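Take a look at the structure below.
The values are calculated or read from the model by the stated rules, or taken from the named source; none is laboratory data. No experiment lies behind these values; they were computed from the predicted model shown. Here Cβ is always computed from backbone atoms with ideal geometry, including for glycine, and neighbour counts include all displayed protein chains. Side chains are part of the model used for accessible areas, which takes the heavy atoms of the whole protein and leaves out ligands, DNA and RNA. Shrake-Rupley method; radii C 1.70, N 1.55, O 1.52, S 1.80 Å.
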Amino acid sequence: MKGILAIDDRPVWTDVTNPVVQPGKVLIRVGAAGVNRADLLQVRGMYPPPPGESEIIGLECAGVVDAVGDGVTRFSPGDRVCALVPGGAIAEYCLADEQTVMTIPGGLSVVEAASIVETWATVWDNVALRAGLAQDQWLLVHGGTSGIGSTAIQAAHLLGAKIVTTGSNDDKCATATAMGSDQTINYNQVLIDDPEHGLATAISRVTGGHGVDVILDHIGASYYDQHIEALRPGGRMVFIGFLSGHKIQTSLVPLLMKRLTLIGSTLRNRNLDERGSLCLILESDVWPAFERGEAKPVIHAVLPVTEIETAHQMLREGSHVGKIVLTIDGTIA
Ligand SMILES: NC(=O)c1ccc[n+]([C@@H]2O[C@H](COP(=O)([O-])OP(=O)(O)OC[C@H]3O[C@@H](n4cnc5c(N)ncnc54)[C@H](OP(=O)(O)O)[C@@H]3O)[C@@H](O)[C@H]2O)c1
């Protein structure tokens, strides 16, 4: 079969070994797979798969079950499924642990299903389960038009909360507002005006002086102090990435005075039990929202898998809104 491998720092659609179905595993004939920023890092050798996992790039896919291993009880050949995997998704066949395979929410196409797995797993796990965002609280997420941002807007509303997102320019802020962001901040503008406090001041202003209860942060070092300033007493900050770096020198005093909680997490290196229980929660608590029309996939582009380099370039350039999806077997709808 074919799959995407990192060769000389480039993603290449090439011949790879066919996965063989094993006990407890589901072999998926892949119709489509989502593209994630982690894929860009892996291609450059910076985010390897956990030991023993597939070297093939890709963390999420959707398609039909081709075969199931001994002991698999929830799925049968022909079922339409999507999966959250630590690697191996962008290939003609993907082998996934049964616990991380989910039924496609009713009404969604395979392409749509491939676009929702990784961002919803990340946002729901960190915002709803770890940080406990509650009704009427405020959430802050940077990049409201990103895969994570567009998901967080919908997740905040499912939880009855309000969300502030940021964007690098007014057009992106307007797009995030159109997608339902309650408030938006042009981060370049506020940081030009006041590099040290501009972001925190803007957050205070747009939340009517309330501040934010939860921050889902993938920026890291450069915003740390302003994030601490913007959090309400009892606030929670979850780190899921460090686009601006991961080393800081700062005072810990506000953590005590404001009773703040700092959380960090990655999905990919979690053990199977944790990833499996998260997938069960997605199926029970989030997928019905897609069926009711309260949540929707946000897809920027759908490209054939042979155009993987274009897809990666789009993500690097950052003008996308939502997710980029690759089609692998276009006959699977
Ligand atoms: N830990 C985990 O388990 C996990 C799982 C999934 C994703 N992630 C991480 O989450 C991040 C977002 O993922 P994604 O798929 O949504 O990626 P994405 O679509 O590429 O989005 C990145 C966003 O970051 C924003 N951004 C960049 N620099 C910024 C800055 N200085 N200030 C404010 N915003 C800035 C960009 O907004 P503008 O274009 O407006 O600048 C862009 O929308 C990535 O770093 C990814 O690695 C972590």
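Which of the residues belonging to the range 3-19 are in a loop (DSSP other than H, G, I, E, B) and out of contact with any Leu (no Cβ under 8 Å at 6 or more places or on another chain)?
Here is the first cut: in the range 3-19, the ones in a loop (DSSP other than H, G, I, E, B) are 8-9, 16-19.
If the condition is that a residue be in a loop (DSSP other than H, G, I, E, B) and out of contact with any Leu (no Cβ under 8 Å at 6 or more places or on another chain), then 8, 9, 17, 18 are the ones that fit.
Would you mind telling me which numbered condition in (1) away from the ligand (no atom under 14 Å from the Cβ); (2) open to solvent by 20 Å² or more (accessible area, probe 1.4 Å); (3) acidic (Asp, Glu) residue 274 fails?
For residue 274, the exception is condition (1).
Checking residue 207 against (1) within 20 Å of the chain's Cα centre (by Cα); (2) in contact (Cβ under 8 Å) with a residue 40 or more places away in the chain: exactly one of these is not met. Which one?
That leaves (1) as the condition not met.
Tell me which of these residue 46 doesn't satisfy, since it passes every other one: (1) within 16 Å of the ligand (Cβ to nearest atom); (2) touching a residue at least 12 places away in the same chain (Cβ under 8 Å).
Looking at each condition in turn, residue 46 falls short on (2).
Would you pick out the residues in the range 251-260 that are open to solvent by 80 Å² or more (accessible area, probe 1.4 Å) and either in a helix (DSSP H, G or I) or aromatic (Phe, Trp, Tyr) (or both)?
Filtering the range 251-260 for residues open to solvent by 80 Å² or more (accessible area, probe 1.4 Å) gives 252-253, 256-257, 259.
253, 256, 257 - these are the residues of the range 251-260 that are open to solvent by 80 Å² or more (accessible area, probe 1.4 Å) and either in a helix (DSSP H, G or I) or aromatic (Phe, Trp, Tyr) (or both).
If you scan the range 132-148, which residues turn out to be within 13 Å of the ligand (Cβ to nearest atom) and not in a helix (DSSP H, G or I)?
The first filter runs over the range 132-148 and keeps only residues within 13 Å of the ligand (Cβ to nearest atom), leaving 140-148.
If the condition is that a residue be within 13 Å of the ligand (Cβ to nearest atom) and not in a helix (DSSP H, G or I), then 140, 141, 142, 143, 144, 145, 146 are the ones that fit.
Within the range 4-45, how many residues are in contact with a helix residue (DSSP H, G or I) (Cβ under 9 Å, 6 or more places away or on another chain), under 30 Å from residue 317 (Cβ atoms) and not aliphatic (A, V, I, L, M)?
Result for the range 4-45: 9.
Just to be sure I understand, how many residues within the range 25-48 are in a loop (DSSP other than H, G, I, E, B) and open to solvent by less than 20 Å² (accessible area, probe 1.4 Å)?
So the first thing to find is which residues in the range 25-48 are in a loop (DSSP other than H, G, I, E, B), and the list is 35-36, 44-48.
Right, trim to open to solvent by less than 20 Å² (accessible area, probe 1.4 Å) and you get 35-36.
Of the residues in that region, 2 qualify.
For the condition open to solvent by 20 Å² or more (accessible area, probe 1.4 Å), part of a loop (DSSP other than H, G, I, E, B) and out of contact with any Asp or Glu (no Cβ under 7 Å at 6 or more places or on another chain), what is the one hit in 263, 248? Step through it out loud before you land on a result.
On the way: 263 fails: part of a loop (DSSP other than H, G, I, E, B).
Testing whether each residue is open to solvent by 20 Å² or more (accessible area, probe 1.4 Å), part of a loop (DSSP other than H, G, I, E, B) and out of contact with any Asp or Glu (no Cβ under 7 Å at 6 or more places or on another chain) leaves just 248.
Consider residue 165 carefully, then state whether it is in a helix (DSSP H, G or I) and within 12 Å of the ligand (Cβ to nearest atom). Steps first, please.
Values: in a helix (DSSP H, G or I): no; within 12 Å of the ligand (Cβ to nearest atom): yes.
In short, no.
Inside the range 110-123, can you point out the residues that are open to solvent by 20 Å² or more (accessible area, probe 1.4 Å) and either within 16 Å of the ligand (Cβ to nearest atom) or of a type in the set (Ser, Thr, Tyr) (or both)? Step through it out loud before you land on a result.
Going through the range 110-123, the residues open to solvent by 20 Å² or more (accessible area, probe 1.4 Å) turn out to be 111-112, 118.
The answer is 118, and nothing else.
Can we say residue 59 is surrounded by 24 or more Cβ atoms within 10 Å (Cβ to Cβ), within 16 Å of the ligand (Cβ to nearest atom) and not hydroxyl-bearing (Ser, Thr, Tyr)? Please lay out each step first, then the result.
Numbers: surrounded by 24 or more Cβ atoms within 10 Å (Cβ to Cβ): yes; within 16 Å of the ligand (Cβ to nearest atom): yes; not hydroxyl-bearing (Ser, Thr, Tyr): yes.
In short, yes.
Look at residue 59 and say whether it is touching a His at 6+ places or on another chain (Cβ under 8 Å) and within 30 Å of residue 212 (Cβ to Cβ).
On the way: touching a His at 6+ places or on another chain (Cβ under 8 Å): no; within 30 Å of residue 212 (Cβ to Cβ): yes.
Criteria not met by residue 59.
Identify all residues within the range 89-103 that are assigned to a strand (DSSP E or B) and small (Gly, Ala, Ser); write none if there are none. Talk me through it step by step, then tell me what you get.
The first filter runs over the range 89-103 and keeps only residues assigned to a strand (DSSP E or B), leaving 91, 93-97, 101-103.
Listed by number, the residues that qualify are 91, 96.
Taking the residues in the range 187-204 that are under 25 Å from the mean Cα position of the chain (by Cα) and near the ligand (Cβ under 9 Å from one of its atoms) as candidates, determine which candidate is surrounded by the fewest Cβ atoms within 10 Å (Cβ to Cβ).
Initially, the range 187-204 is screened for residues under 25 Å from the mean Cα position of the chain (by Cα), giving 187-188, 199-200, 203.
Those left that are additionally near the ligand (Cβ under 9 Å from one of its atoms): 187-188, 199.
On the way: 187: 22, 188: 14, 199: 25.
My answer is 188.
Of everything in the range 63-82, what is charged (D, E, K, R) and under 24 Å from the mean Cα position of the chain (by Cα)? Give them in sequence order. Please lay out each step first, then the result.
Going through the range 63-82, the residues charged (D, E, K, R) turn out to be 66, 70, 74, 79-80.
Selection gives 80 alone.
Run residue 158 past the list (1) crowded, with 24+ Cβ neighbours inside 10 Å; (2) under 18 Å from the mean Cα position of the chain (by Cα); (3) more than 13 Å from the ligand (Cβ to nearest atom) and report the number of the one that doesn't hold.
(1)
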